[in-house]
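Asks: This structure is in structure tokens; I'll ask about it shortly.
The values are calculated or read from the model by the stated rules, or taken from the named source; none is laboratory data. This structure is a prediction, so every number in the text was calculated from the model and none was measured.
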Amino acid sequence: MNEDGYRITMAVAGFGENDITIKVKEIELTISGKVVRDDEEPKDRQYLHRGISDRAFERRFSPADHVNIRGAGLENGLLNVDIVWEIPEAKKPKIIPVNGSNKKLVNSKVA
């Protein structure tokens with residue numbers, strides 16, 4: 001990312017795109033996952049060991065003001081959520097040029 005944004009990366013091996021939900025509500029970002037199993041797998045099957053966990057999870061983040069979610073991607077078991085600061089023009093710092101001549105300021109009042 002650049003200086004105006006950042007990325008949240010989470011390891012979510014075993015979860016597919018349809019298993020992950022990303023919600024933004026007011027000032028909270030919630031990423032949750034729950035594996036939905038097909039009916040193909042017998043329910044009475046018992047495992048000695050399963051290497052990848054499929055437990056449900058939920059993570060909450062409280063991003064700063066003026067933060068927008070640009071998008072999310074799932075690749076090789078990693079979920080990437082791109083976040084960008086979009087500060088309104090009215091809140092951005094302004095640079096005031098200094099005039100080198102001795103001209104009087106027109107229509108200016110000093111409080």
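Asks: Please specify each residue of region 29-83 satisfying the condition of being basic (Lys, Arg) and at pLDDT 75 or above.
Replies: Matches in region 29-83: Lys34, Arg45, Arg55, Arg59, Arg60, Arg70.
Asks: Continuing with this model, one more query. Would you confirm whether or not region 53-76 contains a residue that is more than 21 Å from the chain's Cα centre (by Cα) and not charged (D, E, K, R)?
Replies: yes
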